[in-house]
Structure formats: structure tokens, C-alpha cells
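J.: Take this structure, written in C-alpha cells, and hold onto it; I'll ask about it next.
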Amino acid sequence: MRGRPRDAVVLVAAVSLALALGACGKAAESGTAVRPVPPPTPGRPTIGLLVPDSTTPRWDRFDRPLIERRIHQLCHDCEVRSVSAQGDVAIQQQQVDSMIIRGVDALVLVPVDAKSMRPAVEKAYDARIPVLSYDRLAQGPISAYVSFDGKEVGRLQARALLRAMGHRSAHDRGIVMINGDQADPNGVAFKKGALSVLTGKVRIDKSYDAAGWRPENAYADMSGAIAALGPHRIDGVYSANDGLASGVIAALRANFIRPIPPVTGQDAELAAIQRIVDGEQYMTVYKPFKPEAYMAAEIAVALAHGAGPGPVARDRVNGDVPAVLLRPIPLTVHSIKKTVVKDGMYTIDQICTPQYRSACERAGLMP
């Protein structure tokens, strides 16, 4: 039989929430609704952590261990059950069912597909299990949302692209847009933010939505754009994230386009940092994983103890869902040291492998 959570644990969670980082902004609409948090249940709190896949480096390398570590720091008695859906909606739906059967006290969910996971979120609600939607906004009766301001991500990417292309008239600057999956509310927000800056400032000659955020789709779309427009009419490429940027750049290289026009990205993946050092990718958007993961862990602990997300969740998405929306950071070759290196995300040795050593020297990363 499980006993009532200790007051000290609740106090630690409450203090941590009160001292947590602030946030800003609002997210895209996705049919999400907020529901009240259930009263605390007796026993050792159990939190389910559901990530979408193991192929995207961030989930296993950063988010999952950071969330688990912070939960255990705040709540020594808490148990974390962590699973990966391997990119399959049906698997993730089954995992939610399993968590419900096991009687977890709260769920941290990164949905494979925001819309398709709605029935699973509703099942959790009916079972009185609060759901914290993490990084991607799931549809359904969620209790809180933690992510970065998606529209601001798009705005940062667009502003950087305009700077990289130089001060010319809109008629003289043509771009291709490789947007994220529009079934993902984040993908919708990135695109809206980017268009709010780019519209009227450039010619958008081709625009594609990469289903599933797959680099191979970005490669195919970019190849199609090159065939339609010709290699000399592409002055820049808006790419919604680093994975798509890898496909874009591969297509540009395969078509012998030199120099490669400015290409944007997002997520600060190691391969993207190396492409930036080497001059193949212009920028990425750095979203520090630690504050996002720690904020999610702190809210999850509060939810598992029967409390609400607290005053730290002072933003709102879709009108009434409590949210924490953190500020993203633009990253170019000139800010690598003061962002991902300073924060310990990557070391100089990890970035500056033998293949990139000379480029690192030119970039001022090597002594």
C-alpha cells in the first residue's frame, strides 16, 4: 500500500517551481484543453515519461536523462518509467494504455503525432492521470505544456536568413522554404513565425512541408526545387530544423551548387554545428535542453503529488492551458563558444574532429 507523499518533497517542488526560469509567448492552436489536476493519491509517486523515438539524438542524449535526474533530485521516492515509441503512433498509444494500467500518477508526453494522440490523452484524463505535454503540444485534456516559443523560433530563423542574404530588394532575393511537418503544432508555429518576417521581404519561389520531419523528404523537395528553378535562382533556404537542413544541403551538394546558399536550422545538433563551422549551414536555433527538461520535471513532480503546475506556468496556450514557453537562442559560427560550448552541450574536441580542424581554426575555436 502506498503512503501519502512527504511534506518535504512537496515543499522542495514548490520552492523549485517558485524559483524557476520565466518564459514568454503563446503557442499555436491545436484543439488542446486544460483539465483540473486530480487530488493526490496515496503512495510512492510514479511518473511516466514517453519520448517519440530513439533516432533523434536529443531524446536519449539530453531530454530523457535530464528529466529523470531532476525528478529524482526533487523527489527521492519518485519512480520514473521511461519508454520510446520508435516513431510509431500506435506504439505510443499502447504505451499510454500500459501506463494507465500500471497506475502512474502523472505522464510527461512528447507526442509522435499531436492529433493522433488525443484519444490516449483523453484515456489518461478519464483515469485521473494528469498529462504534461513536453516540447510538442498534444491535443486533448492536458494539464500543462512546456516548450520553447515556436513562433519566435521561426522569426529568429527568418531574420538570420535575411541578414545572410544581404540588403537587396524582395524581387532580387528568392528562397525555398522547407517547413516542418504541419501535423505537428510546432511545425505550424515555426512556419507562421518565419512567414511573419519573410513575407514581402523575399520571393518565396517554392515552399514544401516535410512530412514526418524526415531528411529524405527534405532532400527530395529540395531536389525538386532545384530542378524547377535552376541552380542560380536560389539565394537562401529556410529549413525548419537541422535534420531537414542535412537533407537540403545534401541535395545542394548533389547538384554541384557552390557556394551553398544560406541555410537555416534548429536544435543545435552536433552535425549541424560542424556544418556551421564548415560553412555549409548558416545558422541553427539553440534551445537549451536543461531548462526545458528541468522545468518539465518540476511540474511533473507537482502534478504527481496532486498539485497544479504552479505560478511558474504563467503563459497560456489555446486560451486556458497553463504553459511555460522558454526563449530560443539564434546560433551562428560566431556564437558557438558562448552557447553550446559554454553550457557544456558539446566540447571543442567533439566539434573539432580531424575533419573539421582547419575550419575550427578559421572560426577561432582552436587555440
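J.: Determine if segment 153-166 includes at least one residue that is more than 16 Å from Ala218 (Cβ to Cβ), assigned to a helix (DSSP H, G or I) and at pLDDT below 90.
T.: no
J.: Here's something else I'd like to know. Go through (1) of a type outside the set (Phe, Trp, Tyr); (2) on the phi > 0 side of the Ramachandran plot; (3) assigned to a helix (DSSP H, G or I); (4) crowded, with 17+ Cβ neighbours inside 10 Å for Ala245 and report which single condition fails.
T.: (2) is the only condition that Ala245 fails.
J.: Looking at segment 294-304, can you tell me whether even one residue there is out of contact with any Asp or Glu (no Cβ under 7 Å at 6 or more places or on another chain), over 17 Å from Leu161 (Cα atoms) and surrounded by fewer than 21 Cβ atoms within 10 Å (Cβ to Cβ)? Let's see the steps before the verdict.
T.: Going residue by residue through segment 294-304, those that are out of contact with any Asp or Glu (no Cβ under 7 Å at 6 or more places or on another chain) are 294-303.
Filter once more, keeping what is over 17 Å from Leu161 (Cα atoms): 294-303.
Subset that is surrounded by fewer than 21 Cβ atoms within 10 Å (Cβ to Cβ): none.
So far as segment 294-304 goes, no, none of its residues is out of contact with any Asp or Glu (no Cβ under 7 Å at 6 or more places or on another chain), over 17 Å from Leu161 (Cα atoms) and surrounded by fewer than 21 Cβ atoms within 10 Å (Cβ to Cβ).
J.: Can you tell me which residue among Ala189, Ala218 is touching a residue at least 12 places away in the same chain (Cβ under 8 Å), in a helix (DSSP H, G or I), within 27 Å of Thr55 (Cα to Cα) and touching a Leu at 6+ places or on another chain (Cβ under 8 Å)?
T.: Only one candidate qualifies: Ala218.
J.: Output the residues belonging to segment 172-186 that are at pLDDT below 95 and either within 17 Å of Leu156 (Cβ to Cβ) or in a helix (DSSP H, G or I) (or both). Write out each step before concluding.
T.: Restricting attention to segment 172-186, the residues satisfying the condition of being at pLDDT below 95 are 172-173, 181-186.
Answer for segment 172-186, where residues must be at pLDDT below 95 and either within 17 Å of Leu156 (Cβ to Cβ) or in a helix (DSSP H, G or I) (or both): Asp172, Pro185, Asn186.
J.: When Val263 is evaluated against the numbered criteria (1) surrounded by fewer than 23 Cβ atoms within 10 Å (Cβ to Cβ); (2) within 30 Å of Tyr208 (Cα to Cα); (3) of a type in the set (Val, Ile, Thr), which criterion, by number, is the only one it fails?
T.: With respect to (1) surrounded by fewer than 23 Cβ atoms within 10 Å (Cβ to Cβ); (2) within 30 Å of Tyr208 (Cα to Cα); (3) of a type in the set (Val, Ile, Thr), Val263 is out only on (1).
J.: Okay, moving on. Mind checking whether some residue in segment 268-279 is assigned by TED's automatic domain parsing to the domain that holds His76 and surrounded by fewer than 22 Cβ atoms within 10 Å (Cβ to Cβ)?
T.: The first filter runs over segment 268-279 and keeps only residues assigned by TED's automatic domain parsing to the domain that holds His76, leaving none.
No: zero hits.
Condition check ((1) farther than 30 Å from Ala225 by Cβ; (2) assigned by TED's automatic domain parsing to the domain that holds Ala225; (3) among the aliphatic types (A, V, I, L, M)) across all residues:
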{"site": "Gln92", "(1), (2), (3)": "yes, no, no"}
{"site": "Gln95", "(1), (2), (3)": "yes, no, no"}
{"site": "Asp105", "(1), (2), (3)": "yes, no, no"}
{"site": "Val112", "(1), (2), (3)": "no, no, yes"}
{"site": "Ala138", "(1), (2), (3)": "yes, no, yes"}
{"site": "Leu162", "(1), (2), (3)": "no, yes, yes"}
{"site": "Met165", "(1), (2), (3)": "no, yes, yes"}
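J.: Can you name the residue in segment 123-141 that is at pLDDT 95 or above and of a type in the set (Lys, Arg) and is also farthest from Trp59 (Cα to Cα) among such residues?
T.: By that ranking, first place goes to Arg128.
J.: List the strands (runs of 3 or more DSSP E) that sit entirely inside segment 1-101 and contain at least 1 residues that are of a type in the set (Lys, Arg) and either at pLDDT 95 or above or under 28 Å from Gln266 (Cβ atoms) (or both). Break it down into steps so the answer makes sense when it comes.
T.: Working: elements: 32-34, 46-51, 79-84.
By residue number, 79-84.
J.: Just checking: which of the helices (runs of 4 or more DSSP H) contained wholly in segment 264-363 hold 1 or more residues that are closer than 25 Å to His76 by Cα, aromatic (Phe, Trp, Tyr) and touching a residue at least 60 places away in the same chain (Cβ under 8 Å)? So that I can check it myself, show each step before the final result.
T.: Working: elements: 270-278, 289-304, 348-351, 357-362.
The qualifying helices (runs of 4 or more DSSP H) are 289-304.
J.: Restricting segment 187-202 to residues that are crowded, with 16+ Cβ neighbours inside 10 Å and among the basic types (Lys, Arg), which is modelled with the lowest pLDDT?
T.: Taking segment 187-202 and keeping what is crowded, with 16+ Cβ neighbours inside 10 Å, we get 187-191, 193-195, 197-198, 201-202.
Imposing the further condition that a residue be among the basic types (Lys, Arg) reduces the set to 191, 201.
Working: Lys191: 98, Lys201: 95.
Filtering first and then ranking leaves Lys201.
J.: Related question: Answer yes if at least one residue in segment 180-187 is out of contact with any Phe, Trp or Tyr (no Cβ under 8 Å at 6 or more places or on another chain) and closer than 12 Å to Ala240 by Cβ, and no otherwise. Break it down into steps so the answer makes sense when it comes.
T.: Filtering segment 180-187 for residues out of contact with any Phe, Trp or Tyr (no Cβ under 8 Å at 6 or more places or on another chain) gives 182-183, 185-186.
With the extra rule that they be closer than 12 Å to Ala240 by Cβ, the set shrinks to 182, 186.
Yes, segment 180-187 contains a residue that is out of contact with any Phe, Trp or Tyr (no Cβ under 8 Å at 6 or more places or on another chain) and closer than 12 Å to Ala240 by Cβ.
The values are calculated or read from the model by the stated rules, or taken from the named source; none is laboratory data. The model shown is predicted, which means the values in this text are computed figures rather than measured ones. Neighbour counts are summed over all protein chains in view; Cβ atoms, including those assigned to glycine, are modelled from backbone coordinates with ideal geometry.
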